[in-house]
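J.: The structure is given below, and queries will be raised subsequently.
The values are calculated or read from the model by the stated rules, or taken from the named source; none is laboratory data. Predicted, not measured: the structure shown is a model, and the values here were computed from it. For accessibility, only protein heavy atoms count, side chains too; no ligands or nucleic acids. Shrake-Rupley method; radii C 1.70, N 1.55, O 1.52, S 1.80 Å.
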Amino acid sequence: MNSSETSRFVRLHVELVLEIGDEDGVTKAALGRIAGETEMPADERAHTESAVTEDTAEALAYLVDPFDLVSKVPGIEIAQASWSSERIDYDPDAPEWDLGGDDDVLDEEDEKEVG
């Protein structure tokens, strides 16, 4: 495939595992950003404030914006974006958390199921 046949679109996968050391700080920062949203309708504001107050993962998702990650990269425009956050059990020594691993390689359990 030559360059004229190559798609101009690229899907960028990013996975972060973050440790939250100050849940109140994250919640307060999200509430501060919501307060600064002057165009947000009152019912949406109430729902969003409730969500970020009840769940720090929601507050973090409100604060992290993929547009901020690439807004200063020259020559690109975001065509579509989505993101979410969730609380997880994290063990950095567990094999499933090896971010440098090859996703296409089957582990022994998968091989037993397939083969």
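J.: Given 76, 88, which one is of a type in the set (A, V, I, L, M), closer than 20 Å to residue 22 by Cα and either in a loop (DSSP other than H, G, I, E, B) or modelled with pLDDT under 85 (or both)?
T.: 88
J.: Quick test for you: out of 27, 48, pick the one residue that is over 30 Å from residue 98 (Cα atoms), within 19 Å of the chain's Cα centre (by Cα) and assigned to a helix (DSSP H, G or I).
T.: Among 27, 48, only 48 is over 30 Å from residue 98 (Cα atoms), within 19 Å of the chain's Cα centre (by Cα) and assigned to a helix (DSSP H, G or I).
J.: Please work out which residue is farthest from residue 66 (Cα to Cα), limiting yourself to region 1-14 and to residues that are within 19 Å of the chain's Cα centre (by Cα) and open to solvent by 100 Å² or more (accessible area, probe 1.4 Å).
T.: Checking each candidate, the answer is 10.
J.: With the requirement that a residue be at pLDDT 90 or above and of a type in the set (Gly, Ala, Ser), what does region 43-73 give you?
T.: 46, 50, 51, 57, 59, 61
J.: Of all residues in region 15-52 being of a type in the set (S, T, N, Q) and more than 22 Å from residue 69 (Cα to Cα), which is least open to solvent (accessible area, probe 1.4 Å)?
T.: 48
J.: For region 65-89, what are the residues that are hydrophobic (A, V, I, L, M, F, W, C) and open to solvent by 60 Å² or more (accessible area, probe 1.4 Å)?
T.: Of everything in region 65-89, those that are hydrophobic (A, V, I, L, M, F, W, C) and open to solvent by 60 Å² or more (accessible area, probe 1.4 Å) turn out to be 67, 69, 73, 76, 79, 83, 88.
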